[in-house]
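The structure appears right after this line, and notes come after that.
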Amino acid sequence: MFSHLLLATDGSEHSHRAADKAIELASLSTDASIEIIYVVDGNTSKSDVLHYGDSQMASRKREEMLSVFKEKIEQAGIPARVTILHGIPAETIIEYANHHPFDCLIVGSRGRSRVQTMILGSVSHKVIKHVNLPVLMVK
């Protein structure tokens, strides 16, 4: 069974559904834990600083958003840990997942149309293609 789960989140509603599935999956094991990762890319970082006024406040807002996920998981009786990474989201998630001993990666799908995905790409699709462990993509 899966016991060391990785939940990649961007704070969206899709991520909340992915968190619910991660909890469901972790509940099947008596010793499961979930690590929550969030990747800050350059564009997000700049817009967050502009929106919140400074980088310290932007960091605090990210931590508040991620604490909601952590609390939800811990309320289900599952140990959780939050890791904030910096880089290009898909590549950073792939690198992190492939270099740590996770049993499964859970990620939300943004629900883009086929045309949008072909033109814009998709973090979840890139991750699925290059991660060397089972991936559960939640719609």
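Taken together, the values in this text are just the output of simple stated rules run on the coordinates, not laboratory data. If you're wondering where the values come from, they're calculated on a predicted model, not measured in any experiment. Heads up, the Cβs are rebuilt from the backbone with ideal geometry, glycines too, and the neighbour counts pull from every protein chain shown.
Cross-link partners for residue 129 among the lysines, with Cα-Cα distance under 23 Å and sequence neighbours closer than 8 places in the same chain left out: 21, 139. Each residue of region 98-106 is assigned a 3J(HN,Hα), and the resulting list reads 6, 10, 9, x, 8, 8, 6, 10, 10 Hz, derived from the Karplus form 6.51 cos²θ - 1.76 cosθ + 1.60 (θ = phi - 60°), x at Gly and Pro. Working from label points 7 Å from Cα in the Cα-to-Cβ sense, the residue 65 to residue 33 distance is 2.5 nm. Calculated FRET efficiency, residue 54 to residue 129, Cβ-Cβ distance, R0 = 35 Å: about 0.40 to the nearest 0.05. Close amide-amide hydrogen proximity is noted between residue 3 and 103, each under 5 Å apart and 5 or more residues distant or on a separate chain (H modeled in the peptide plane; Pro and chain starts excluded). Placing R0 at 25 angstrom, the Cβ-Cβ distance between residue 12 and residue 100 gives a FRET efficiency of 0.60 after rounding to 0.05.
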